[in-house]
Amino acid sequence: MANAASPAPHPTPPQPPPQAPTDPKRALTVNALRLKAIGERLRDHLSGMSILPVGEFVHLTYAFARGIDFAVSAGDIPVLANEIPAILRKIYELRKETFIQSSLMVLVISCKNACSKKWFQPTDSSDILRIANELSGNFCTSSGQAASDSAVLEIISQIMPR
(Lines give C-alpha, C1' and ligand atoms only; values in the text may rest on other atoms or scores of the structure.)
Protein backbone atom coordinates (compact mmCIF):
# COMPACT_ATOMS: atom_id res chain seq x y z
CA MET A 1 0.00 0.00 0.00
CA ALA A 2 1.43 3.33 -1.03
CA ASN A 3 1.38 6.16 1.44
CA ALA A 4 0.86 9.82 0.61
CA ALA A 5 4.59 10.57 0.89
CA SER A 6 5.73 8.04 -1.75
CA PRO A 7 5.93 9.27 -5.35
CA ALA A 8 3.33 8.09 -7.84
CA PRO A 9 4.48 5.46 -10.32
CA HIS A 10 5.45 6.75 -13.74
CA PRO A 11 3.04 5.79 -16.50
CA THR A 12 4.50 3.63 -19.22
CA PRO A 13 4.84 5.47 -22.52
CA PRO A 14 2.47 4.33 -25.24
CA GLN A 15 3.90 1.84 -27.69
CA PRO A 16 4.13 2.99 -31.32
CA PRO A 17 1.70 1.25 -33.70
CA PRO A 18 3.11 -1.67 -35.68
CA GLN A 19 4.79 -0.54 -38.87
CA ALA A 20 4.01 -1.81 -42.34
CA PRO A 21 6.54 -4.24 -43.77
CA THR A 22 9.61 -2.29 -44.84
CA ASP A 23 11.20 -5.18 -46.72
CA PRO A 24 10.09 -4.70 -50.37
CA LYS A 25 10.12 -8.44 -51.04
CA ARG A 26 7.89 -9.08 -48.03
CA ALA A 27 5.53 -6.29 -49.09
CA LEU A 28 5.20 -7.86 -52.55
CA THR A 29 4.51 -11.27 -50.99
CA VAL A 30 1.82 -9.81 -48.73
CA ASN A 31 0.31 -7.96 -51.69
CA ALA A 32 0.25 -11.15 -53.78
CA LEU A 33 -1.52 -13.03 -50.98
CA ARG A 34 -3.97 -10.17 -50.56
CA LEU A 35 -4.68 -10.08 -54.31
CA LYS A 36 -5.27 -13.83 -54.31
CA ALA A 37 -7.70 -13.65 -51.38
CA ILE A 38 -9.60 -10.71 -52.87
CA GLY A 39 -9.72 -12.41 -56.28
CA GLU A 40 -11.18 -15.56 -54.70
CA ARG A 41 -13.86 -13.58 -52.85
CA LEU A 42 -14.78 -11.67 -56.02
CA ARG A 43 -14.94 -14.91 -58.04
CA ASP A 44 -17.11 -16.56 -55.37
CA HIS A 45 -19.51 -13.61 -55.45
CA LEU A 46 -19.63 -13.41 -59.24
CA SER A 47 -20.28 -17.15 -59.56
CA GLY A 48 -23.08 -16.99 -56.99
CA MET A 49 -21.29 -19.15 -54.41
CA SER A 50 -21.28 -16.36 -51.83
CA ILE A 51 -23.39 -13.22 -52.12
CA LEU A 52 -21.74 -10.12 -50.69
CA PRO A 53 -23.45 -6.89 -49.66
CA VAL A 54 -23.10 -4.22 -52.35
CA GLY A 55 -20.79 -2.05 -50.24
CA GLU A 56 -18.43 -4.93 -49.56
CA PHE A 57 -18.37 -5.93 -53.23
CA VAL A 58 -17.48 -2.37 -54.24
CA HIS A 59 -14.84 -2.20 -51.49
CA LEU A 60 -13.28 -5.46 -52.71
CA THR A 61 -13.21 -4.14 -56.27
CA TYR A 62 -11.35 -1.01 -55.14
CA ALA A 63 -8.99 -3.14 -53.01
CA PHE A 64 -8.31 -5.41 -56.00
CA ALA A 65 -7.41 -2.34 -58.08
CA ARG A 66 -5.12 -1.04 -55.31
CA GLY A 67 -3.33 -4.39 -55.17
CA ILE A 68 -2.80 -4.33 -58.93
CA ASP A 69 -1.53 -0.75 -58.75
CA PHE A 70 0.91 -1.67 -55.98
CA ALA A 71 2.32 -4.56 -58.00
CA VAL A 72 2.57 -2.45 -61.17
CA SER A 73 4.39 0.35 -59.32
CA ALA A 74 6.81 -2.17 -57.78
CA GLY A 75 7.52 -3.80 -61.15
CA ASP A 76 6.05 -7.10 -59.97
CA ILE A 77 3.78 -9.48 -61.90
CA PRO A 78 1.71 -11.46 -59.39
CA VAL A 79 1.11 -15.17 -59.92
CA LEU A 80 -2.62 -14.61 -60.43
CA ALA A 81 -2.09 -12.05 -63.22
CA ASN A 82 -3.48 -14.50 -65.77
CA GLU A 83 -6.76 -14.69 -63.77
CA ILE A 84 -7.34 -10.93 -63.58
CA PRO A 85 -8.86 -10.47 -67.08
CA ALA A 86 -11.55 -13.11 -66.36
CA ILE A 87 -12.47 -11.42 -63.07
CA LEU A 88 -12.55 -8.03 -64.81
CA ARG A 89 -14.85 -9.37 -67.56
CA LYS A 90 -17.29 -10.74 -64.96
CA ILE A 91 -17.38 -7.42 -63.12
CA TYR A 92 -17.72 -5.65 -66.47
CA GLU A 93 -20.97 -7.57 -67.05
CA LEU A 94 -22.39 -5.51 -64.16
CA ARG A 95 -21.47 -2.19 -65.84
CA LYS A 96 -25.12 -1.07 -66.09
CA GLU A 97 -25.47 -1.17 -62.31
CA THR A 98 -24.80 2.32 -61.00
CA PHE A 99 -23.34 1.06 -57.72
CA ILE A 100 -20.41 -0.61 -59.48
CA GLN A 101 -19.55 1.88 -62.23
CA SER A 102 -16.93 3.96 -60.44
CA SER A 103 -15.14 0.99 -58.86
CA LEU A 104 -15.24 -0.82 -62.21
CA MET A 105 -13.62 2.17 -63.92
CA VAL A 106 -10.87 2.28 -61.27
CA LEU A 107 -10.26 -1.45 -61.77
CA VAL A 108 -10.16 -1.02 -65.56
CA ILE A 109 -7.59 1.79 -65.24
CA SER A 110 -5.45 -0.42 -63.00
CA CYS A 111 -5.71 -3.29 -65.50
CA LYS A 112 -4.89 -0.92 -68.35
CA ASN A 113 -1.70 0.06 -66.52
CA ALA A 114 -0.90 -3.63 -66.07
CA CYS A 115 -1.39 -4.08 -69.84
CA SER A 116 1.34 -1.52 -70.44
CA LYS A 117 3.67 -3.72 -68.34
CA LYS A 118 2.83 -6.82 -70.43
CA TRP A 119 1.01 -8.70 -67.66
CA PHE A 120 -1.58 -10.29 -69.94
CA GLN A 121 -1.88 -12.21 -73.18
CA PRO A 122 -2.29 -9.93 -76.24
CA THR A 123 -5.96 -10.93 -76.67
CA ASP A 124 -6.69 -10.11 -73.02
CA SER A 125 -4.83 -6.80 -73.31
CA SER A 126 -6.78 -5.75 -76.39
CA ASP A 127 -10.04 -6.71 -74.66
CA ILE A 128 -9.11 -4.65 -71.58
CA LEU A 129 -8.22 -1.66 -73.76
CA ARG A 130 -11.56 -2.00 -75.57
CA ILE A 131 -13.39 -2.09 -72.23
CA ALA A 132 -11.44 0.97 -71.05
CA ASN A 133 -12.36 2.94 -74.18
CA GLU A 134 -16.01 1.97 -73.89
CA LEU A 135 -16.28 2.85 -70.21
CA SER A 136 -14.42 6.14 -70.56
CA GLY A 137 -17.36 7.43 -72.61
CA ASN A 138 -19.51 7.16 -69.48
CA PHE A 139 -17.17 9.38 -67.47
CA CYS A 140 -15.79 11.91 -69.92
CA THR A 141 -15.65 12.95 -73.54
CA SER A 142 -14.30 10.22 -75.77
CA SER A 143 -10.63 10.47 -76.58
CA GLY A 144 -11.28 11.28 -80.24
CA GLN A 145 -13.86 13.99 -79.63
CA ALA A 146 -12.95 17.32 -78.12
CA ALA A 147 -15.72 19.21 -76.38
CA SER A 148 -16.30 22.52 -78.09
CA ASP A 149 -16.92 25.66 -76.02
CA SER A 150 -20.26 26.34 -77.71
CA ALA A 151 -21.53 22.82 -76.99
CA VAL A 152 -20.51 23.08 -73.35
CA LEU A 153 -22.14 26.50 -72.97
CA GLU A 154 -25.34 25.23 -74.60
CA ILE A 155 -25.52 22.30 -72.17
CA ILE A 156 -24.85 24.57 -69.19
CA SER A 157 -27.54 27.02 -70.29
CA GLN A 158 -30.05 24.18 -70.50
CA ILE A 159 -29.17 22.82 -67.09
CA MET A 160 -28.98 26.13 -65.17
CA PRO A 161 -32.66 27.14 -65.53
CA ARG A 162 -33.73 23.83 -64.00
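The values are calculated or read from the model by the stated rules, or taken from the named source; none is laboratory data. Note that the structure is predicted; figures quoted are calculated from it, not measured. As a convention, Cβ positions derive from the backbone with ideal geometry for all residues, glycine included, and neighbour counts pool all protein chains shown.
Points to keep in mind about this one:
- Scanning the stretch 37-46 for residues that are exposed (fewer than 15 other Cβ atoms within 10 Å of the Cβ), modelled with pLDDT of 95 or more, of a type in the set (A, V, I, L, M) and more than 27 Å from ASN138 (Cα to Cα) turns up at least one hit.
- The set of residues from the stretch 30-80 being hydroxyl-bearing (Ser, Thr, Tyr) and over 16 Å from the mean Cα position of the chain (by Cα) comprises SER47, SER50.
- Where a residue in the stretch 23-41 is in contact (Cβ under 8 Å) with a residue 40 or more places away in the chain and more than 18 Å from PRO85 (Cβ to Cβ) and its partner, wherever it lies, is charged (D, E, K, R) and surrounded by 13 or more Cβ atoms within 10 Å (Cβ to Cβ), with Cβ under 7 Å and at least six apart: LEU28/ASP76
- Taking the criterion of being outside any helix (DSSP H, G or I) and either on the phi > 0 side of the Ramachandran plot or polar (S, T, N, Q) (or both), the residues of the stretch 102-133 that qualify are LYS118, GLN121.
- Filtered residue count, the stretch 48-57, keeping only those that are touching a residue at least 12 places away in the same chain (Cβ under 8 Å) and either assigned to a loop (DSSP other than H, G, I, E, B) or surrounded by fewer than 18 Cβ atoms within 10 Å (Cβ to Cβ) (or both): 1
- Single residue of the stretch 90-112 satisfying the filter (polar (S, T, N, Q) and in contact with a Phe, Trp or Tyr (Cβ under 9 Å, 6 or more places away or on another chain)) that is surrounded by the fewest Cβ atoms within 10 Å (Cβ to Cβ): SER102
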